[in-house]
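Down below is the structure, laid out as structure tokens.
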Amino acid sequence: MTVLEHALAYARRGCPVFPLHGSAADGSCTCRLRGACPNAGKHPWGDRWQTHATTDAAQIRRWWTHHPDMNLGAVTGAPSGNIVLDVDPAKGGDESLRELERVHGALPETVIVLTGGGGRHLEFQHPGTPVPNSVGILGPGLDVRGDGGFVVGVGSRHRSGRRYVYEVTADPDTVVRAVAPPWLLECMRTGRVPACRSMAPRWCFAMASAISGCSSTARRCAATAGARR
């Protein structure tokens, strides 16, 4: 399937989508920063993505017909009815999730997206009350994409050259998006995971230090990192 076909599929399921900058064959971003972009292929193609995101098939076709190399942004939170637990093994996400499941029990079967960078997006039903976005608060390598956020959608090309794809046995045509367990929702809403809370200040300090040394365009690219993965 093409990115356009995936975008239309998201829209049919009620998830608003919008274009992201793409990732070129050499791994650079299609934005003007090219190889210097800190979030290649992961940040919005235009301004005000929150207002431009849509399920309108005609608009979606116009976007990806004229710019087929663009990646796909999928809105999370109440508008899509979807919240995402982003697991990044490179930052310790697998270990963090195993520890949470050891304490609270295994997560239910749900829709899973395999990211181009080797991580996973675990999708759950939005609970009907606000779920904030967070980075690392649940544990190293565990991010939450909720209200006001987005994820890089299936079909998009990662800077590694790999595509975001559904796990073979966990696509939305095979499994139903699960209801998040109460303990996970509580963690997502409050960040009350005592063993992991000390990670957040270190991450925020590192991110702030990195952004302070970037150009204005790089800062805009990096600023979207808190809303997507």
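Scan region 136-157 residue by residue and report those that are surrounded by fewer than 20 Cβ atoms within 10 Å (Cβ to Cβ) and either without any contact (Cβ under 8 Å) to a residue 60 or more places away in the chain or under 20 Å from Ser23 (Cα atoms) (or both).
Taking region 136-157 as the starting set, the residues that turn out to be surrounded by fewer than 20 Cβ atoms within 10 Å (Cβ to Cβ) are 140, 147-148.
Across region 136-157, the qualifying residue is only Pro140.
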* Structure fact -> Scanning region 102-122 for residues that are within 16 Å of Asp143 (Cβ to Cβ) and β-branched (Val, Ile, Thr), the one surrounded by the fewest Cβ atoms within 10 Å (Cβ to Cβ) turns out to be Ile112
* Structure fact -> Reported set for region 158-169 where residues are crowded, with 17+ Cβ neighbours inside 10 Å and outside any strand (DSSP E or B) is His158, Arg159, Tyr164
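Within region 70-85, can one find any residue that is under 26 Å from Ser160 (Cα atoms), at pLDDT 95 or above and over 15 Å from the mean Cα position of the chain (by Cα)?
yes
Taking Val179, is it surrounded by fewer than 20 Cβ atoms within 10 Å (Cβ to Cβ), of a type in the set (A, V, I, L, M, F, W, C) and either within 25 Å of Ile60 (Cα to Cα) or in contact with a strand residue (DSSP E or B) (Cβ under 9 Å, 6 or more places away or on another chain) (or both)? So that I can check it myself, show each step before the final result.
Details: surrounded by fewer than 20 Cβ atoms within 10 Å (Cβ to Cβ): yes; of a type in the set (A, V, I, L, M, F, W, C): yes; either within 25 Å of Ile60 (Cα to Cα) or in contact with a strand residue (DSSP E or B) (Cβ under 9 Å, 6 or more places away or on another chain) (or both): yes.
Yes.
The values are calculated or read from the model by the stated rules, or taken from the named source; none is laboratory data. Everything numeric here is computed off the predicted structure, so don't read it as measured data. Reconstructed Cβ throughout: ideal geometry from the backbone, glycine too, with neighbour counts over all protein chains shown.
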